[in-house]
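Heads up, the thing below is written out as structure tokens.
The values are calculated or read from the model by the stated rules, or taken from the named source; none is laboratory data. What you see is a predicted model, and the numbers here were worked out from it, not measured in a lab. Cβ sites come from the backbone with ideal geometry, for glycine too, and all protein chains shown count toward neighbours.
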Amino acid sequence: MFLESTTASCPYCGEFIELLFEPLDTDQHYYEDCQVCCQPILIKLTSRSEGELPLFRCFRADE
Ligand SMILES: [Zn+2]
């Protein structure tokens, strides 16, 4: 399976973590545990123009 990767800042500890996603799997949200502090991060994907990586936004799961 072809996966894209990007980095995002953890909303809990501020460390940069690597995120993997499927390029076609946009306009969705999912949870991923921080690789540093192991807290659950809510990640929302928003698709942009064709050929561009989707926009990532990270939230604390308790907000
Ligand atoms: Zn963290």
Would you be able to tell me the number of residues in segment 21-41 that are in contact (Cβ under 8 Å) with a residue 24 or more places away in the chain and either within 16 Å of the ligand (Cβ to nearest atom) or in a strand (DSSP E or B) (or both)? 7
Residue, surrounded by the most Cβ atoms within 10 Å (Cβ to Cβ), within segment 1-20, restricted to residues that are in contact (Cβ under 8 Å) with a residue 40 or more places away in the chain and closer than 15 Å to Ala61 by Cβ: Cys10
May I ask you to verify whether Gly51 is within 16 Å of the ligand (Cβ to nearest atom), part of a loop (DSSP other than H, G, I, E, B) and not aromatic (Phe, Trp, Tyr)? no
Identify the single condition in (1) of a type in the set (D, E, K, R); (2) near the ligand (Cβ under 10 Å from one of its atoms); (3) surrounded by 14 or more Cβ atoms within 10 Å (Cβ to Cβ) that Lys44 does not satisfy, given that it satisfies every other one. (2)
Could you tell me whether segment 49-56 includes any residue that is of a type in the set (S, T, N, Q) and within 12 Å of the chain's Cα centre (by Cα)? no
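Would you call Asp33 at pLDDT below 95, surrounded by 11 or more Cβ atoms within 10 Å (Cβ to Cβ), under 11 Å from the mean Cα position of the chain (by Cα) and acidic (Asp, Glu)?
The answer is yes for Asp33.
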Of (1) more than 16 Å from the ligand (Cβ to nearest atom); (2) at negative phi; (3) not hydroxyl-bearing (Ser, Thr, Tyr), Glu15 satisfies every one except (1)
